[in-house]
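The values are calculated or read from the model by the stated rules, or taken from the named source; none is laboratory data. None of these values were measured; they are calculated from a predicted model. So basically every Cβ, Gly included, is an ideal-geometry build from the backbone, and we count neighbours across all protein chains shown. For the accessible areas, the whole protein counts, side chains as well, though only heavy atoms, and no ligand, DNA or RNA atoms are used. Shrake-Rupley method; radii C 1.70, N 1.55, O 1.52, S 1.80 Å.
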Amino acid sequence: MIFRTINPRTTTRPALRKVRTGAALRPLQHRLDPARVEEIPFRAADGVRLGLTRIDSGDRDRPAVLILHGHTASADMFVQPETRNLVDVLLDGGYEPWLLDWRGSCRLPNNETGRKYTYDDVALYDIPEAVNHIRRRIGDRPLFVVAHCIGSLSLSLSMTAGLVPGLAGVVSQGVFLTPKLAGSTSLRMSVAAELLKSRIDHIPVDFRKVGLWSKYTPLFALASRKASCPDPTCQILHNSAWCSGASLFVHEQLSEATHNRLADLLGPAPLWILPHLRRIELARSVVRWHDTDYRYRALPPNALDAAARIDTPVLLLAGSENGLWLDSQELCRDILARRQPQLDVEYIEIPGYGHLDTFLGRGAALDVFGHILDFLGERR
């Protein structure tokens, strides 16, 4: 149950935070030399504030790697100070990491108090403008992309629109062109969108933020059913994935420190994004939401139908225990092999891993990141 006592000697989660209403990014949590971390705030063409972070390697000849987080996550998931993280591995491997906090980042207030958006906006504005900014800085050096979850899904729409041509290679984790959810998850998303849309506009993850006597308490109670962990944040993420019934990670793959800061690594999920996500899932493809708005005409109506425009090698990664997107990546590999055999697409399954733990897991540097380095190294 959600009211079980948590041992304070093993719980080091930070103090309660207030809901942010400003546009500024909250500080990135890392153990890097501050002199090496260059924060580059910028605004997308539609006025939304975003954040780009460059990690200075001290070598101007290195290939660059743009890293994209998933929805409600942030660049924090790639620089965890408690473990050997993806940025550490890329720096040691001879690359220059660039981290984009797109408009779905929990370092920004958009999911709670900002302007509403769809994944069309991420594909049309956030990713292409970040790529253009990096290219102005790196010149003709190779540029790779490592993308997770909705960051990867949105990237697929940008790529098939021809908005980010000439990438040296793309690593997609979790989902790419062919989203696939469990039937029960899809049904819960549909029901939640209808039943809750008049009452709440987002599902939080930090029980301390909302308090016991709040309109969100029933959601935490629902997420706690049959949960083995007493932490409410873990319950609503691992046991329920924002009350969808899915699971975002394999619990045993997280270190205690990472587990205790889940509320910082993942933020509230906005319910107003569900109609676009629902349309995507029903189509088993990344489809455009805005069919009549001329501003989005550059995006293809269906990214899978436009997959021939992909002009870069793609590595599809997925944990064998992915409780959210199931076998979406394997399905994508098989469909592209039939429909677009000329594309350079590989698929690797990581045994024993779920979804988020492919980056947040205590052993990800050994079990996952080596596959990423091998793929980049063959194409740099």
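The table below gives the values:
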{"item": "Residue among 201, 140 that is of a type in the set (D, E, K, R) and farther than 23 Å from residue 266 by Cα", "result": "140"}
{"item": "Pairs where the first residue, in the range 51-75, is under 25 Å from residue 110 (Cβ atoms) and the second is small (Gly, Ala, Ser) and in a strand (DSSP E or B), C-beta under 6 Å, 6+ apart", "result": "68/147; 72/269"}
{"item": "Some residue of the range 317-329 being free of Cβ contacts under 8 Å to residues at least 60 places away in the same chain and buried (at least 16 other Cβ atoms within 10 Å of the Cβ)", "result": "no"}
{"item": "Verdict on residue 36 being out of contact with any Lys or Arg (no Cβ under 7 Å at 6 or more places or on another chain) and open to solvent by 20 Å² or more (accessible area, probe 1.4 Å)", "result": "yes"}
{"item": "Scope the range 200-211; condition touching a residue at least 40 places away in the same chain (Cβ under 8 Å), assigned to a loop (DSSP other than H, G, I, E, B) and either open to solvent by less than 40 Å² (accessible area, probe 1.4 Å) or of a type in the set (A, V, I, L, M, F, W, C) (or both); matching residues", "result": "200, 204, 205, 206"}
{"item": "Meets criteria (closer than 25 Å to residue 255 by Cα and surrounded by fewer than 23 Cβ atoms within 10 Å (Cβ to Cβ)) for residue 172", "result": "no"}
{"item": "Leading residue by the ranking (farthest from the chain's Cα centre (by Cα)) among those in the range 48-90 that are part of a loop (DSSP other than H, G, I, E, B) and aliphatic (A, V, I, L, M)", "result": "48"}
{"item": "Residue check, residue 247 modelled with pLDDT of 95 or more, touching a helix residue (DSSP H, G or I) at 6+ places or on another chain (Cβ under 6 Å) and either buried (at least 20 other Cβ atoms within 10 Å of the Cβ) or in a loop (DSSP other than H, G, I, E, B) (or both)", "result": "no"}
{"item": "Breaking point among (1) surrounded by fewer than 18 Cβ atoms within 10 Å (Cβ to Cβ); (2) modelled with pLDDT of 95 or more, for residue 195", "result": "(2)"}
